[in-house]
Each structure stands twice: as structure tokens, then as C-alpha cells.
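No value in this document is a laboratory result; all are computed from the given coordinates. Not measured: the values here are computed from a predicted model. Note that each Cβ is placed from the backbone with ideal geometry, even for glycine, and that neighbours are counted across all protein chains shown.
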Amino acid sequence: MSPTIDIHSHILPKIDDGAESFDMSMAMLRIAYEDGIDGIILTPHYKPGHHNACQEKITFLAGKLRQEMRKENRDIRLYVGNEIYYHEGMFRELEEGRASAMAGSSYILTEFGPMERFEYIRGGIYEILAHGYRPILAHGERYNSILGKVDSVEELIRMGCSVQINAGSVMGKAGFGAKQFARRLLKEELVQFVASDAHNADKRKPELADCGNYIRRKYGEDYAANLLYRNPMHVIKNEYIG
């Protein structure tokens, strides 16, 4: 099985709308392991006006999960970061260590409101780039102002933004519109990452194998490897994605 790294997940327990307990976190990690996932970037939400977990707590929880998985001889590499909701003040929070880029890199997994205008999203991406970070647009198939608009995605990529789509969307678990657009973005090679965006051990599991197999059948092993392993490794190593 080809190596796989999941760059977007909500597995840490009781700190956002993801895993509700440590037991659920462990169940999710076991699912990921059985699915063939070798590494995961843990990306709890960071939103303005919310009680966001501090980085010390995130690091502690990640270490505890890592330790328990090793006891079970299920060794998954775990890295930490945030899925940051774009807002005024996020750059100060990044500088002060309250919010985190991905795996200690300059890459930021960035989320916008689903109803935000494209002009606002584009402006946010520009601001992130201007501050010296590398933006990754989280679940790029889910924004109403972008849905169905390949030219808008192309514009963001030309600016220097990477695009992540959810495996569940590709496989039809988020509705017909998201499925069609996610698959179109794959066909047009306008995707840099496919991730699980896992939130639980039931309907939103940390699974990538089915989607990976679909991409391999449709577009070949090399493209799948870029989306599911090589580009995630570029993030972890803080390298440029060509």
C-alpha cells in the first residue's frame, strides 16, 4: 500500500467539534491505521471569539495519543497545527504562539465562512501570503462563492495558494454538488491535497484509502502520490510545492 499522510483532521479530544473523548480519539487513530494512513497533521479549529486550546495542551494531547498508539504497536506519526479561521488578528496570534502553522512549517491551513464572497477569500489569501506564510485553502469544494467556478480556483493557485479537498466529498458523502466540483478540480489538476477532515469514528472517519484508489484508477499512481503523500511531506519539511 502506498504511504499516505492526512493533513486535515480533528482527532484531538474535547477541544473542538471533533473527537468527544480520548477513547474516541483512539478509535479514530485505529481506523486511520487500518486504512493505511502513516502520518496525520492534527489540526483543531482556531476561531476568533472561541475558547481555543493552547498549543501546550495540543502538544500534550498529541504526545499522549502517540504514546498510547505505540503501546498497541500501531505507530502513526502525529504532527500538530491548527485549522485557522481567517480573521483580523490571526497573524499576531501566530507570532505569539497562540495559533499554529502546520507541523512547524510556514504552511497555514486556512478556513473561511462557507458563504463568504470570493473577493473576501481572495483578499484573505493575499494577506496570508503578504505576511510570509503559505496558505492552504481548507476543503476548497465547500465555499458557495467558489463552487463550480474553476477560474476562481485557478486564480487562487496562481497567487500562491494550495487547495485541499475532502476525500468524503470526492466519494459523494457531502452531496452531489461538492462531489461534482471536487472531481472536476481533480480532473483539472487544481488540487494539491486530499485529506479526511475527520471529526469522529462514525460518519466522518479518518479514511483516505477509497478516495486514493479512485484517484489511482482515474488519474494514475503518480497523481495520487502527490496528493496523498509527496505534497504533505513537502509541508512537513517546509518545502516548496511545485
Along the range 192-204, what does the Karplus equation 6.51 cos²θ - 1.76 cosθ + 1.60 (θ = phi - 60°) give for ³J(HN,Hα), rounded to whole Hz, x for Gly and Pro?
10, 9, 10, 9, 7, 6, 5, 10, 7, 9, 10, 7, 10
Which ³J(HN,Hα) values in Hz, rounded to whole numbers, follow from the phi angles of the range 142-147 under the Karplus curve 6.51 cos²θ - 1.76 cosθ + 1.60, where θ = phi - 60° and Gly and Pro get x?
9, 8, 4, 6, 10, 3
For the range 45-189, restrict the atom set to alpha-carbon positions and state the Rg and Dmax in Å.
16.6, 49
Counting helices only, and only those DSSP H runs with n ≥ 4, report the 222 nm mean residue ellipticity of the chain as the sum of -39,500 (n - 2.57) divided by its residues, in deg cm²/dmol to the nearest 500.
-12000 deg cm²/dmol
Interatomic Cα distance distribution for the range 30-127, bins of 10 angstrom, percent
14, 41, 28, 15, 2
When the Kirkwood radius is taken over all Cα pairs of the range 1-72, what Stokes-Einstein diffusion coefficient follows at 37 °C and 0.692 mPa s, in µm²/s?
258
Largest first and in whole Å, what are the equivalent-ellipsoid semi-axes of the range 126-236 based on the Cα gyration tensor, each being the root of 5 times an eigenvalue?
21, 16, 15
Given 0.36 nm per residue, what is the gain on full extension from Asn144 to Asp210 after removing their alpha carbon distance, in nm?
21.2 nm
Mean Cα-pair separation over length for the range 4-64, i.e. relative contact order, pairs under 8 Å, 6 or more apart, %:
41
Given points 7 Å out from each Cα along the Cα-Cβ axis, report the Arg77 to Ser2 separation in nanometres with one decimal.
1.7
Gap in Å between the Cα centre of the range 158-174 and the Cα centre of the range 55-69?
27
In 5 Å bins starting at zero, report the fraction of Cα pairs in the chain per bin as a rounded %.
1, 7, 15, 20, 21, 18, 12, 6, 1, 0
Once the Cβ-Cβ distance between Asp17 and His131 is put in as r, and R0 is 25 Å, what FRET efficiency do you end up with, to the nearest 0.05?
0.40
For the range 103-213 the mean separation of alpha carbon contacts under 8 Å (6+ apart) over residue count, i.e. relative contact order in percent, is 21
One finds the C-alpha centres of the range 1-25 and the range 195-223 to be spaced, in Å, by 15
So how much slack lies between Gln67 and Met171, counting 0.36 nm per residue of separation and subtracting their Cα-Cα distance, in nm?
34.2 nm
In whole Hz, the Karplus estimates of ³J(HN,Hα) for the range 172-185 (6.51, -1.76, 1.60; θ = phi - 60°; x where Gly or Pro) are x, 8, 10, x, 5, x, 5, 4, 4, 6, 4, 5, 5, 4
Run the numbers on the chain and let me know its relative contact order in percent, using alpha-carbon pairs under 8 Å that are six or more apart.
22
